[in-house]
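Notes to accompany the following structure.
The values are calculated or read from the model by the stated rules, or taken from the named source; none is laboratory data. Keep in mind it's a predicted model, so treat the numbers as computed, not measured. So basically every Cβ, Gly included, is an ideal-geometry build from the backbone, and we count neighbours across all protein chains shown. The protein model used for the area step is the full one, side chains on, heavy atoms only, and it has no ligands, DNA or RNA in it. Shrake-Rupley method; radii C 1.70, N 1.55, O 1.52, S 1.80 Å.
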Amino acid sequence: MQFYERAADILRRLEQRQGSIKTMTIGNQHLKPEEKRKMYALICETLKNASALTTVVQQSGVAEAEGIELRLALVLVHDLLLTKVGLQRQGANQSLNQRIRKHKVKLAAALAALKEELGVQ
């Protein structure tokens, strides 16, 4: 399983209350040691911004257009729009990254519209 697919799976399991963020990331035996901190940070930040990210994904229609699950779209859009580095290359599905990257303008516009609506800079 690739990095972002694992993150979406962890989000799904958290929604079903199958454990805590720490046990599913830091305590996960299937994650490489160097991935654990990244995964923990991605999950925490995605959950923190979940309502805004969900609005952006739904308004842009990216999940439906690319045929991907909402949770997977949330973690991908988080990294694409809200991090300095953007989408990760190492340990990630490159074709999925490219499919999301081609919607960057539409996603950024939806995020800008949401910020304007909320009066946030």
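Points worth noting:
- When Glu116, Glu64 are checked against the criterion of being more than 21 Å from Arg6 (Cα to Cα), of a type outside the set (A, V, I, L, M, F, W, C), open to solvent by 40 Å² or more (accessible area, probe 1.4 Å) and in a helix (DSSP H, G or I), Glu116 stands alone in meeting it.
- If only residues of the stretch 93-113 that are buried (at least 16 other Cβ atoms within 10 Å of the Cβ) and of a type in the set (A, V, I, L, M, F, W, C) are counted, the one that is farthest from Gln59 (Cα to Cα) is Leu96.
- Filter result for Leu31 (assigned to a loop (DSSP other than H, G, I, E, B) and open to solvent by less than 30 Å² (accessible area, probe 1.4 Å)): yes
Yes/no per residue for (1) touching a residue at least 24 places away in the same chain (Cβ under 8 Å); (2) polar (S, T, N, Q); (3) out of contact with any Phe, Trp or Tyr (no Cβ under 6 Å at 6 or more places or on another chain); (4) surrounded by 15 or more Cβ atoms within 10 Å (Cβ to Cβ):
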{"position": "Leu11", "(1), (2), (3), (4)": "yes, no, yes, yes"}
{"position": "Gln16", "(1), (2), (3), (4)": "no, yes, yes, no"}
{"position": "Ser20", "(1), (2), (3), (4)": "no, yes, yes, no"}
{"position": "Thr25", "(1), (2), (3), (4)": "no, yes, no, yes"}
{"position": "Leu76", "(1), (2), (3), (4)": "yes, no, no, yes"}
{"position": "Asp79", "(1), (2), (3), (4)": "yes, no, yes, yes"}
